[in-house]
Amino acid sequence: MVEQSGTYWVTLTLKNIGSKILSALDVRLNSLDSYAITIHGRGRYIPTLSPNAEQVMFFQIEANNTARLYVTISGKENDTHFRWESLGMIFKVGVEVAELRSVFVLTEPYPQFGKALTCEATVVSNKESAGLSLEFWLEHPSGRVEDSGKMKIKKMSAGETARQVVQMKPEEEGVYRVHVYLYHKNRRIGYETDTVWVT
């Protein structure tokens with residue numbers, strides 16, 4: 001965690017835990033939210049990495065808000081090409097007045113075409129807060145994006161939890177993605193997504 005927004009260096013240690021030599025490694029640090037965190041540079045190249053060997057790399061980032069970072073690696077294991085991707089790791093920037101803790105679409109187990117989707121967002125207040133609002137957007141399988149609702153959140157005490165629910169109606173079969181944004185007044189302080197398959 002860093003105290004405030006700014007430019008920082010992130011250290012990444014890569015270790016070959018396998019029994020084969022890895023070569024021609026293209027290692028990249030990526031942001032799941034480039035509005036919140038921007039990665040400077042194009043990545044790092046490692047010619048070879050022997051079993052149990054480690055390589056330390058440094059990446060410069062511009063951090064404005066808390067967001068998730070992840071690592072991608074492509075290269076060769078012997079003569080076979082591979083690609084690997086890490087889970088998202090949270091990089092915290094200061095303590096916002098509130099956090100968008102979770103977003104999920106309720107399903108039973110798969111929503112059916114023509115029936116409304118219910119999306120729930122959970123917001124936790126870190127401090128006494130007023131002026132919070134949420135925006136819900138639904139991305140259709142065709143790529144069309146639809147405004148699914150904006151709502152204000154009542155004044156919250158520190159540690160209080162608020163759950164907001166919206167209904168969204170799918171108009172086609174396929175994979176939908178829900179995007180939810182948390183704002184404090186006019187400043188975006190949170191972003192989460194969820195994906196659902198509609199049959």
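In nm, give the distance between the simple-model label positions of His40 and Arg177, each being 7 Å from the Cα along the Cα-to-Cβ direction.
Calculated label separation equals 2.8 nm.
List the residues of segment 78-111 whose backbone N lies under 15 Å from a point placed 7 Å from the Cα of Asp26 along the Cα-to-Cβ direction.
Inside the label zone: 81-85.
How many Å³ per residue does the convex hull of the Cα positions in segment 1-151 occupy?
Cα convex hull per residue, to the nearest whole number: 180 Å³.
Assuming R0 = 41 Å, what is the FRET efficiency of Glu160 and Leu12, from their Cβ-Cβ distance, to the nearest 0.05?
0.65
Give a quick list of trypsin sites (Lys or Arg not before Pro) in segment 1-54 that DSSP marks as loop, anything other than H, G, I, E or B, with at most 11 other Cβ atoms within 10 Å.
Arg42
What net charge is computed for the residues neighbouring Tyr45, neighbours being all others with C-beta under 13 Å from the C-beta of Tyr45, Lys and Arg scored +1, Asp and Glu -1?
That works out to +3.
Could you pull out every residue, at least 5 positions away or on a different chain, whose amide H is within less than 5 Å of the one on Ile21? Hs are placed 1.01 Å off N in the peptide plane, and Pro or chain starts have none.
For Ile21, the qualifying residues are Asn78.
Using Cα positions and a limit of under 12 Å, work out the aspartates and glutamates in reach of Lys76, with same-chain residues fewer than 8 apart set aside.
Leaving aside aspartates and glutamates fewer than 8 places away in the same chain, those within reach of Lys76 are Asp26.
Under 28 Å from the Cα of Lys152, which lysines turn up, not counting those fewer than eight places away in the same chain?
Counting by Cα, and skipping residues close in sequence, Lys152 has these lysines nearby: Lys92, Lys115, Lys127, Lys169, Lys185.
Putting +1 on Lys and Arg Cβ atoms and -1 on Asp and Glu Cβ atoms, find which of Tyr176, Ser19, Leu29 reaches farthest to the positive end of the dipole of the chain.
Checking the options against the dipole of the chain, the answer is Leu29.
Between segment 131-162 and segment 48-122, what is the separation of their alpha carbon centroids in Å?
That distance is 21 Å.
List the residues, sorted by chain then number, that are 5 or more residues from Asn126 or on another chain and whose placed amide H is less than 5 Å from its amide H.
Sorted by chain and number, the residues that satisfy this are Ala98, Glu99, Gly159.
Just flag the GluC sites (Glu not before Pro) in segment 77-131 sitting in loop per DSSP whose Cβ has no more than 16 other Cβ atoms within 10 Å.
Counting only loop positions with at most 16 other Cβ atoms within 10 Å, the GluC sites (Glu not before Pro) in segment 77-131 are Glu128.
With +1 on the Cβ of every Lys and Arg and -1 on the Cβ of every Asp and Glu, and nothing else charged, how large is the dipole of the chain about its Cα centre, in debye rounded to the nearest 20?
Dipole about the Cα centre, nearest 20: 400 debye.
Size of segment 98-198 along its principal axes in angstrom, Cα-based, largest extent first?
So the three principal-axis extents are 42, 26, 16 Å.
Can you give me the pair-distance distribution of segment 6-91, C-alpha pairs, 10 Å bins, whole percents?
P(r) for segment 6-91, in whole percents per bin: 17, 48, 26, 9, 0.
Using the C-alpha atoms of segment 69-117, what convex hull volume per residue, in cubic angstrom, is computed?
Value for segment 69-117: 158 Å³ per residue.
Once Lys and Arg get +1 and Asp and Glu get -1 on their Cβ, which of Ser142, Thr195, Gly131 lies farthest toward the positive end of the dipole of segment 98-198?
Gly131
Just rank Asp147, Asp33, Asp79, fewest to most, by other beta-carbon atoms within 10 angstrom.
If I rank by nearby Cβ atoms, fewest first, I get Asp79, Asp147, Asp33.
Beta carbons within 10 angstrom, averaged per residue: use that to sort the peptides 112-119, 130-137, 176-183, highest first.
Ranked from most to least packed, the peptides come out as 176-183, 130-137, 112-119.
Can you run phi through the Karplus equation (6.51, -1.76, 1.60; θ = phi - 60°) for segment 5-16 and list ³J(HN,Hα) in whole Hz, with x for Gly and Pro?
5, x, 9, 9, 9, 10, 9, 10, 10, 10, 10, 7
What does the net charge come to around Ala162 if you take all other residues with beta carbon closer than 12 Å to its beta carbon, with K and R at +1 and D and E at -1?
+2
We did not get these values from a lab; they are worked out from the coordinates using the rules stated. Owing to the predicted nature of the structure, the values given are computational and were not obtained by experimental measurement. Note that we place each Cβ from the backbone using ideal geometry, even for glycine, and neighbour counts take in every protein chain shown.
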